[in-house]
Every structure is written in C-alpha cells, then in structure tokens.
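Asker: Can you keep this structure in mind? I'll have questions shortly.
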Amino acid sequence: MDVDALLAVLNAASEAVASALSRLDDWSLAGTREGQYRSDLAADSVALELLLGAGLAVLSEESGVHEPDRPLLAVVDPVDGSTNASRGLPWYATSVCVLDAEGPLVALVVNQATGARYEAVRDRGARRDGRAIEPSGASELRRSIIGLSGYPSRHLGWRQYRSLGAVALDLCAVAEGALDGFVDCVDEAHGGPWDYLGGLLVCQEAGAVAADAIDRDLVVRDAAEWRSPVAAATPALLDQLLAERSAAARPASR
C-alpha cells in the first residue's frame, strides 16, 4: 500500500471516530479498567474495523495488539486526551502512526474537538489542514513556552508552561511553533507508543526534534515499552530541556 492510500485509510478511521463520538451520549468512565472512558471504547471499535480491514496490524491503547504478523503496524490512540473529552475541554485527538520495517512511515493526528488535522509522511514533510508546516525556530529556554506532562518536583527553569493533557496534540503544537517545546516530567516513563508516535513523526517532518528523556529509542512496537518524550523546535533547546529535566530528577544535595 502506498503512502497516499495509507493516509486515506487513516483519514477514514479518524472520520469514523468523529462520527462515533458525535453519537455518544455518555462520556463517563467505562468501568472496564482504570482511566478508560466510554469514548475510548466507542472510538476504538470503529477505528479497528477500518484499520484491520485495510490489511494493517494494529497496536491500540484500548485493545492491544491485533494481527501482529502483518508487515505494516498502525499504532493508534483512538482518543488521546479522553479525560479532557469527558469534561468538554477541546483538546483531544485521534492519533495514528503506521510503522514499516524502517520505522514511522505515515502519521495522522486529528483534534476531534476542532477538526485540526496534522499529517506527516516520512521524507515528505508535515501538513496542517493541507498546508505545509514550516520550521519555527525557538527562543532560549527561559523565554520559551513549554508543554508539560506530569508535574516536576522542582522548578525546571522555563518561563512559562502549559499542561494541556493530550501528548499527540502537544507534540503537534511544537511542530507548528505554538509551543517551543514539550517535556514529560514523570520520573518513571508513562507514555505508551500510541501517545506520541504520531506527533513524533509530525515533529520530525516539520523540522522539530525529539528524544526520550533518558536516551532510549522512542520508536517501539511493544505495549509494555513506555517512554518519556521530550521535544523542541531546535536541537539547542532540546539539549537545554533534557539537561534541565535531568537536573530536576536528581535528588537535591544536602
């Protein structure tokens, strides 16, 4: 399947999720497992049908691995930011990244509250709503606005931060320059690959940079392999964010 056909499949899946969410009357917790909402289950059902029907393997946050022997793997978070969605906060997304043998190939992240649509294809750039995303550059750390996941035990050195609650969209915000950087501050990794792989490819194809906080490979295919992504508009800012996070994670000297 070529990349244009893959993008068509991903867009169809995101539209099916939007339709399922539009019919949802109850956005509360599902009572299935901790943190899983009825919106997650409704979205997962329709996304799986389309992705599996297109011949893809699937790794979903909500239902695990499906057809793992297929050559292309779609890593999907049907509703990233489902707590936001349950409370009516317009910052939640469907995120899908298709991996081939070389890594991330195609990604789509759609803000299901606003319709903003981010697409990326390896070596072909990134787009928002059909328009190319250009590299934004960034100010130095203490003049930057940084997206945050988790809460640091000590001040990390930036001037302003925003804790928005949907990593896929936070990374896309870095890609288009709305945020200068993003940091996952939790000491133990708590981001599954479905949380960040779509946004990661959008960042990379838009000219931003990203790394795991403790220098592990971010591209994983195992639901148990969680990471702590850090992203920035420039390599220099990424280095500063990684250094500040590392310093804050160490116990204070007595």
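The values are calculated or read from the model by the stated rules, or taken from the named source; none is laboratory data. It should be emphasised that the depicted structure is a prediction, and the values quoted were computed from it without experimental measurement. Positions of Cβ are backbone-derived with ideal geometry, glycine not excepted, and every protein chain shown enters the neighbour counts.
Asker: When the range 211-229 is examined, which residues are found to be touching a Phe, Trp or Tyr at 6+ places or on another chain (Cβ under 8 Å) and either at pLDDT 95 or above or in a loop (DSSP other than H, G, I, E, B) (or both)?
Answerer: Once the filter is applied, which keeps residues that are touching a Phe, Trp or Tyr at 6+ places or on another chain (Cβ under 8 Å) and either at pLDDT 95 or above or in a loop (DSSP other than H, G, I, E, B) (or both), the range 211-229 yields only LEU218.
Asker: Name the residue that is surrounded by the most Cβ atoms within 10 Å (Cβ to Cβ), counting only residues in the range 61-99 that are hydroxyl-bearing (Ser, Thr, Tyr) and under 10 Å from the mean Cα position of the chain (by Cα).
Answerer: SER95
Residue by residue, here is whether (1) within 19 Å of LEU179 (Cα to Cα); (2) among the polar types (S, T, N, Q) holds:
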| site | (1), (2) |
| --- | --- |
| SER63 | no, yes |
| ARG70 | no, no |
| ASP80 | yes, no |
| TYR118 | yes, no |
| ASP123 | no, no |
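Asker: Do you know which residues across the range 95-104 are touching a residue at least 24 places away in the same chain (Cβ under 8 Å) and assigned to a loop (DSSP other than H, G, I, E, B)?
Answerer: Result: ALA101, single match.
Asker: Also: So is ASP4 closer than 19 Å to VAL202 by Cα, modelled with pLDDT of 95 or more, acidic (Asp, Glu) and touching a strand residue (DSSP E or B) at 6+ places or on another chain (Cβ under 8 Å) or not?
Answerer: It is false that ASP4 is closer than 19 Å to VAL202 by Cα, modelled with pLDDT of 95 or more, acidic (Asp, Glu) and touching a strand residue (DSSP E or B) at 6+ places or on another chain (Cβ under 8 Å).
Asker: Check whether at least one residue in the range 232-254 is modelled with pLDDT under 90, surrounded by fewer than 21 Cβ atoms within 10 Å (Cβ to Cβ), of a type in the set (Ser, Thr, Tyr) and within 15 Å of the chain's Cα centre (by Cα), and report yes or no.
Answerer: no
Asker: I'd like the full set of residues that are buried (at least 24 other Cβ atoms within 10 Å of the Cβ) and either of a type outside the set (Asp, Glu) or not assigned by TED's automatic domain parsing to the domain that holds ASP25 (or both), limited to the range 40-51.
Answerer: Those that are buried (at least 24 other Cβ atoms within 10 Å of the Cβ) and either of a type outside the set (Asp, Glu) or not assigned by TED's automatic domain parsing to the domain that holds ASP25 (or both): ALA43, ALA47, LEU51.
Asker: So is VAL79 closer than 23 Å to LEU200 by Cα and either out of contact with any Ser or Thr (no Cβ under 6 Å at 6 or more places or on another chain) or at pLDDT 95 or above (or both) or not?
Answerer: Considered against the rule, which asks whether it is closer than 23 Å to LEU200 by Cα and either out of contact with any Ser or Thr (no Cβ under 6 Å at 6 or more places or on another chain) or at pLDDT 95 or above (or both), VAL79 comes out as yes.
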